[in-house]
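Input: a single structure, listed below in structure tokens.
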Amino acid sequence: MTAPVTPPTGTREHPGARGPRAPLDAAAFRARFPVLREQVHLAGCSLGPRSADLDAALTCMLADMAAHGAPWQRFEERIAEARRLFAAFVGAREDQIAIVPDASTGAFQVASTMDWGARRRIVSTMAEFPSISHVWLAQRPEAEVGHVAADAGVDEYAASIDRTTGLVSVPLVDYRAGRRLPVEDIVAVARAAAPGCSSTPTRQVPADRSTCRPWTATSSSWAR
């Protein structure tokens, strides 16, 4: 969270590089999203509302392009800064943070690194965002994909996970119902039933991520 930002006027300074700010109250945080003054934004499952900080960053990017043509070095520096700030925010190392366009791409990157030989089972849920589920379905026939019901509890996950499970994918929040899923309990079941399997909570993540790897946090869930 950041304090109000005056859009840059061609300078190199970027709002994301100004360091941590004091926490905002709910009203001040809401004010960071001008669209909320006129509309109720319900598309949080796929694309978050534009913020004043995003507009400032886009203005800064366009100014850099106008002044320097192809300022790739500056872009790379800002990506590195974003990784540093996000790592500090969630308590991770910078080398644990990857920046991808959306959660669909992140899920594909996870799948592309998996060996579906001995552990070919993927356990997902009908509460998962469709674009993520389709990434897992695309791993067939090398992988076997199963889905528990959207309202399944921990016991249903436990019944679906065994030592042939290589990956468990579960969102923190059901994108249709807004129901929060017991991610930490599901991860614990997965670790006990299939030691070494990857547990992938998508879109939103619990504050304590130590038992989840990999995980995805994003304002855009699907590839466009």
If Glu128 satisfies all but one of (1) at pLDDT below 90; (2) among the acidic types (Asp, Glu); (3) under 17 Å from the mean Cα position of the chain (by Cα), what's the number of the condition it fails? (1)
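A quick yes/no check of all residues on (1) surrounded by 15 or more Cβ atoms within 10 Å (Cβ to Cβ); (2) among the polar types (S, T, N, Q); (3) under 30 Å from Pro171 (Cβ atoms):
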{"residue": "Leu47", "(1), (2), (3)": "yes, no, yes"}
{"residue": "Asp53", "(1), (2), (3)": "yes, no, yes"}
{"residue": "Cys60", "(1), (2), (3)": "yes, no, no"}
{"residue": "Met65", "(1), (2), (3)": "no, no, no"}
{"residue": "Gly69", "(1), (2), (3)": "no, no, no"}
{"residue": "Ile79", "(1), (2), (3)": "no, no, yes"}
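I'd like the residue in the stretch 81-102 that is charged (D, E, K, R) and surrounded by 12 or more Cβ atoms within 10 Å (Cβ to Cβ) and, out of all such residues, is nearest to the chain's Cα centre (by Cα).
Looking at the filtered set, the residue picked out is Asp102.
The values are calculated or read from the model by the stated rules, or taken from the named source; none is laboratory data. What you are looking at is a predicted structure, and each value in this text was computed from that prediction instead of being measured. In this analysis, Cβ positions are derived from the backbone assuming ideal geometry, glycine residues included, and neighbour counts consider all displayed protein chains.
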